[in-house]
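The values are calculated or read from the model by the stated rules, or taken from the named source; none is laboratory data. The structure presented is a predicted model; accordingly, all values stated were derived computationally and were not measured. Glycine also receives a Cβ, built like all others from the backbone with ideal geometry; neighbour counts cover every protein chain displayed. Heads up: the accessible areas ignore ligands, DNA and RNA and are worked out on the full protein's heavy atoms, side chains in. Shrake-Rupley method; radii C 1.70, N 1.55, O 1.52, S 1.80 Å.
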Amino acid sequence: MRRRPAGLLGVLLLALMVACSGGSAAPAVPSGTIRFASYDFPENQILVELYAEAARRSGLPVSVQHGIGTREVVAPALQQGVVDVVVDYLGTALLFARPSFPELPATPDQMQSVLTRTLGGRGVLVLDRAAAEDQNGFAVTSGFAARTGVARLSDLASLAPGLTFGGPPECPSRPLCLLGLEKLYGLHFKDVQSMPTRAATVEALQSGQIDVGLLETTDARLGVAPVVLLADDRGLQPHENVVPMVRTEIAQQWGDRLTGALDAVSARLTTADLISMNHAVEIDDLTPAQAAARWWKNA
């Protein structure tokens, strides 16, 4: 996993502290409020709203701050007490916490056990994981698949030197993105372009700007745009169950009123729910809070 330089990380954490404590970037958060923070993409913002509402329904004081940044910013913020609750994804969280881990465990139970032990020593409690799962996926247009006969990532090996890949800015340095495609599949693309959003990725695929693009497996556009995911036939992607993580101090302070409320959401959350809520935000233009409210209404 990419690590930001220490000086830059310090600046980013300082900015986050200002935002969470009443600087110009966000309203003041009253003392004792449980601070939920999301990563910088819509699905995670939906999930944070979902779990934050569970805490509210348990009568707890809650604040939500969205789009804090990438994992390089948010994970240290949780461990350093700048935020209190983060909703993560099992495999990616474990790879980030243990970047030198020789090989990820095979099952979600084993993965969660290692993650729990690792983060427990850093003041973070890993709660129950959900059945809901969202992995990295790699997409091509339906037309490209039909013309080339490509259905699996391994099918791209002979084609990649003539293709353009598109993904988020951090993709080239991530083991589950471009690094993994190069190492496990031997895919070396002619060109790599940075995509600011998944919507931009789909547009770039359809316009021919890129040939292969990163899209998560729960992306709502997969159901409405002429793009298809290629099978991860060599198993690059680990299990990516949704898993909330709470600062141990906060979990001890609020006890089961907090952890029980969050675990109850995880017990009900499905992958189909993720796809539906993503559709509500990305296609129907609801806000993450509105999509989460719809889930609660129908739950």
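Can you tell me which of 174, 117, 129, 198 is of a type in the set (Lys, Arg) and over 16 Å from residue 90 (Cα atoms)? Just one listed residue meets the conditions, 198.
Under the condition of being surrounded by fewer than 16 Cβ atoms within 10 Å (Cβ to Cβ) and without any contact (Cβ under 8 Å) to a residue 24 or more places away in the chain, the residues counted in segment 254-281 number 3.
Looking across segment 214-232, the residues that are in contact with a strand residue (DSSP E or B) (Cβ under 6 Å, 6 or more places away or on another chain) and open to solvent by less than 20 Å² (accessible area, probe 1.4 Å) come down to 214, 215, 227, 230.
Restricting to segment 233-253, what's the tally of residues that are closer than 24 Å to residue 39 by Cβ and open to solvent by 30 Å² or more (accessible area, probe 1.4 Å)? Of the residues in segment 233-253, 4 are closer than 24 Å to residue 39 by Cβ and open to solvent by 30 Å² or more (accessible area, probe 1.4 Å).
Take the residues in segment 31-57 that are under 12 Å from the mean Cα position of the chain (by Cα), within 18 Å of residue 124 (Cα to Cα) and of a type outside the set (A, V, I, L, M, F, W, C), then tell me which one is surrounded by the most Cβ atoms within 10 Å (Cβ to Cβ).
Taking segment 31-57 as the starting set, the residues that turn out to be under 12 Å from the mean Cα position of the chain (by Cα) are 38-48.
From the residues that got through so far, the ones that are within 18 Å of residue 124 (Cα to Cα) too are 38-39, 48.
Still in the running and of a type outside the set (A, V, I, L, M, F, W, C): 38-39.
On the way: 38: 26, 39: 23.
Of everything passing the filter in segment 31-57, 38 is surrounded by the most Cβ atoms within 10 Å (Cβ to Cβ).
Of all residues in segment 201-222, those satisfying the criterion of being at pLDDT 95 or above, of a type in the set (A, V, I, L, M) and part of a helix (DSSP H, G or I) are 202, 204, 205.
Kindly evaluate residue 194 against the criterion of being more than 25 Å from the chain's Cα centre (by Cα), over 18 Å from residue 238 (Cα atoms) and open to solvent by 10 Å² or more (accessible area, probe 1.4 Å).
On the way: more than 25 Å from the chain's Cα centre (by Cα): no; over 18 Å from residue 238 (Cα atoms): yes; open to solvent by 10 Å² or more (accessible area, probe 1.4 Å): yes.
Against the criterion (more than 25 Å from the chain's Cα centre (by Cα), over 18 Å from residue 238 (Cα atoms) and open to solvent by 10 Å² or more (accessible area, probe 1.4 Å)), residue 194 does not qualify.
Among the residues of this structure, residue 8 counts as one that is more than 28 Å from residue 256 (Cα to Cα) and either at pLDDT below 95 or not in a helix (DSSP H, G or I) (or both). Selection of segment 259-299 for residues being of a type in the set (Asp, Glu) and not in a helix (DSSP H, G or I) yields 284, 285.
For segment 282-299, which residues satisfy the criterion of being modelled with pLDDT of 95 or more and buried (at least 20 other Cβ atoms within 10 Å of the Cβ)? Across segment 282-299, the qualifying residues are 288, 291, 292, 295.
Within segment 223-253, the residues that satisfy the criterion of being in contact (Cβ under 8 Å) with a residue 60 or more places away in the chain, in a loop (DSSP other than H, G, I, E, B) and not hydrophobic (A, V, I, L, M, F, W, C) are 226, 232, 233, 234, 237, 238, 239, 240. Just give me the residues in segment 150-169 being under 17 Å from residue 229 (Cβ atoms) and of a type in the set (Val, Ile, Thr), in sequence order. The one that is under 17 Å from residue 229 (Cβ atoms) and of a type in the set (Val, Ile, Thr): 150.
As a summary of the residue check, residue 207 satisfies the conditions (1) touching a residue at least 40 places away in the same chain (Cβ under 8 Å); (2) surrounded by fewer than 22 Cβ atoms within 10 Å (Cβ to Cβ) except for the one numbered (1).
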